[in-house]
Amino acid sequence: MKSSFLEKIEKYKALVNIEKEEEIKEFEEFVKKYSPKERENLFRAITNLKAKKLPKRYDYFIVKFEKKDKKEIKNIFSPGDVIVVSSGNPLSKNVQKGTIYKVDKNCILVAFEEEPKDFIFKSKNLTLDLYPDDVTFKRWLEGLEDAKERKDLSFLFSEKKEKVKKFRDILKDISFYNKNLNIYQKKAVEKAISSPDFFLIHGPPGTGKTTTLVEIILQLYKQGKKVLVTADSNTAVDNILERVSKYIQKNSDLVRVGHPAKTSKNVEKHYIFYLLEQDKDYKEIRKIDLEISKLKKEQEKYLKPLSKWRRGLSNEEIKKYAKEGKKVRGVSPKKLQKMAKWIELQEKIISLIEKRRKIEDKILKKILSNAKIIFSTNSMVYSDLMKEIKENFDVAVIDEGSQATLPSTLLPILKSKKFIIAGDHKQLPPTVKSLAAKELTKTLFEKLISLYPEKSQILKIQYRMNKKIMDFPNKTFYNGELIAAKDVENITLKDLMDKEKYEKLPKKMKKILSYDLKDSVVFLDVKGTEKKEKISKSIYNLKEINRVKDIIKNLLEIGVKPQDIGIITPYLAQVKHLKKALEKDKIFVEVNTVDGFQGREKEVIVISFVRSNDKGELGFLEDLRRLNVAITRPKRKLIMVGNKKTLSSHPIYKKLTESSLYIKD
């Protein structure tokens, strides 16, 4: 009979497979249901493309895609997105998966691990579709299987409190790299370093979670520990690396492992393939590449032995009959000799490629072995490259712990003797599409902080919001523990606006954009009508769009810069219609979903809640973690637009509207 520990692992494997199948099924059904053009209108594909081969980059084949009619490309993809290239049907056999490398308004660069297929350059009408990242699921399953051998980690799967290692003496009198850490950040650093097995850092919005992690990493580096730094997203990994690198001068001590398309250019000097090319032994690879290039050019003079020419003959038979000068199966001696020469050159190329691979592997192993701190996503820890590291890391420092599933967070833990996780379980959980796999949304961070509060530290001083904006989320989600830092507690719109222009605004708009601290949180009660898009089924509200546009126009009029303004709305249809309405008036401010703004901040945030109905139906607005993310993005001003009656069907939204400066439309 299986132990409870093994049963739990099998259960998680089943959940991962359910989620994987759901994503693939959803993709297949979506493609079958909608034409390429409809998929483009739903922000899931780009059509009518032609392709051009570009020079390789870090061993990846780069292809440039642009619209055949030279039209501007709507930016719906981001670097790092997995896509599939097809001639319109991504479910056909003639497709190839790649990764978005770069996006601009005129073209998209895609990186391929293998040489791009011929159809990509021959097809007259290519389509790029967003594709589920099945590699991640494969790695999660692999990690769960490996976890079976780690009985010491059984407590990670238990729903009950188990015996874990106690703190050693907590280090005091640490010489901190960052002299500006507050008392709670210092406590977190001291406890995290002193804990023998694991530690959790609870970082509510704006409390300097990343600052604290950077200090922990630097302290571990000073102690000579081999450290693995991970997060679920590439952005978070690069952000930490960029900040750590300001203190550590030796480039090769910090190594970033990952796909070049998913790695920030700001940390390129630490990227493993950049370091590979700087190595003294890399000149041998360059010589081999030059020789391969010459041989391929030479090959063009001869006949490639395609099936129509070889007539079932093997390579050895072609070489044999070519030498004998015989005509075989209707193939002339001349053709046989041309194919034989092509084969001989190909054998030399294959031999050189193998020689190149061995030299490259040797250099990469050396880089990883000498690195003091390695940075990667959780998933990349289980890549073939990282598997070359046989020794476990001393410590894994894991960011975004409250946004990663347990199987994801498990990967760096399996490679380390001790782990430190930072997150905020009061904000958005991991995205899980299958209802049957919803258990994956309960993160390891959330479970451990509930069971082992003594192994955690909350960061209490926040440096983002003024005290009025902070007040509601603090009382609602953080037990009133947050404190606004002196530098931000009284900041308002006053510093960003032209007061003379403000005084000329209409009376109601002056009230909405008031720069008094007490008026920092505004609720504009708009009784609009919610509508559902026919194809996407997503919801939008035109009246709210008009009110938001009016507010943005006036913010810009009084001197607030476009880059300081953000618009958040929970529905993709509202994002789409808002962007269109603003662009029509040549207004360019960031509009995104709640998920798109997680971990971000702006001076001013305008939220459009969209829902407006007599039944009080709120849909996924009822996920209060989503609300917490939205209302904790602004520094100086929060303006909410919505239907008070509809929202007030939920007690928390009712309190929110009542605690704000109420303005009737």
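The values are calculated or read from the model by the stated rules, or taken from the named source; none is laboratory data. Please read these numbers as outputs of a predicted model, since none were measured by experiment. Glycine also receives a Cβ, built like all others from the backbone with ideal geometry; neighbour counts cover every protein chain displayed. Side chains included, ligands, DNA and RNA excluded: accessible areas come from the protein's heavy atoms. Shrake-Rupley method; radii C 1.70, N 1.55, O 1.52, S 1.80 Å.
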Phi-derived 3J(HN,Hα) across the range 201-208 with the Karplus relation (6.51, -1.76, 1.60, θ = phi - 60°), rounded Hz, x for Gly and Pro, is 10, 8, x, x, x, x, 8, x
Could you work out [θ]222 nm for the chain from helices alone, using -39500 (n - 2.57) per DSSP H run of at least four and dividing by all its residues? Round to the nearest 500 deg cm²/dmol.
-12000 deg cm²/dmol
Mean accessible surface per residue for the range 229-319, computed with a 1.4 Å probe while every protein chain stays in place, in Å²
54 Å²
So which GluC sites (Glu not before Pro) in the range 569-665 are both in a DSSP loop and have at most 12 other Cβ atoms within 10 Å of their Cβ?
none
Where trypsin sites (Lys or Arg not before Pro) fall in DSSP loop in the range 37-133, at most 15 other Cβ within 10 Å
68, 70, 71, 74, 93, 105, 117, 124
So the compactness index of the chain, its C-alpha Rg divided by 2.2 N^0.38 Å, takes the value 1.10
Using the Kirkwood radius over Cα pairs, work out the Stokes-Einstein diffusion coefficient for the range 573-624 at 37 °C and 0.692 mPa s, in µm²/s as a whole number.
253 µm²/s
May I ask which of 226/362; 166/417; 269/602 have a Cα-Cα span longer than 27 Å here?
269/602
Let me know the charge dipole size of the chain about its Cα centre in debye, to the nearest 20, where only the beta-carbon of Lys, Arg (+1) and Asp, Glu (-1) is charged.
1900 debye
Arranged from highest to lowest average of other beta-carbon atoms within 10 Å per residue, in what order do the peptides 445-451, 146-152 appear?
445-451, 146-152
Determine the alpha carbon to alpha carbon distance for each of 209/387; 13/138; 67/124 and list only those over 18 Å.
209/387
On the full set of protein chains, 1.4 Å probe, figure out the accessible area of residue 380 and give it in Å² to the nearest 10.
40 Å²
Could you work out the local net charge near residue 368, counting Lys and Arg as +1, Asp and Glu as -1, over the other residues with Cβ closer than 13 Å to its Cβ?
+2
Long-range HN-HN contacts of residue 378 with modeled amide H, under 5 Å:
231, 232
Under 19 Å between alpha carbons, and skipping anything fewer than 8 positions from residue 644 in its own chain: which lysines qualify?
508, 511, 527, 531, 543, 615, 654, 655, 664
Kindly write out, for the range 658-664 in residue order, the coupling ³J(HN,Hα) from the Karplus curve 6.51 cos²θ - 1.76 cosθ + 1.60 (θ = phi - 60°), rounded to whole Hz, with x marking Gly and Pro.
6, 8, 9, 6, 8, 10, 7
Starting at the first residue of the range 518-525, write each ³J(HN,Hα) from the Karplus equation 6.51 cos²θ - 1.76 cosθ + 1.60 with θ = phi - 60°, in whole Hz, x for Gly and Pro.
5, 9, 5, 10, 10, 10, 9, 7
Accessible surface of the chain, 1.4 Å probe, proportion on carbon and sulfur as whole %:
49 percent
If the reach is capped at under 15 angstrom between alpha carbons, list the aspartates and glutamates near residue 222, excluding any in the same chain fewer than eight residues apart.
173, 190, 253, 394
Spatially proximal aspartates and glutamates relative to residue 447 (Cα-Cα < 14 Å; intrachain offsets below 8 disregarded):
159, 162, 424, 439
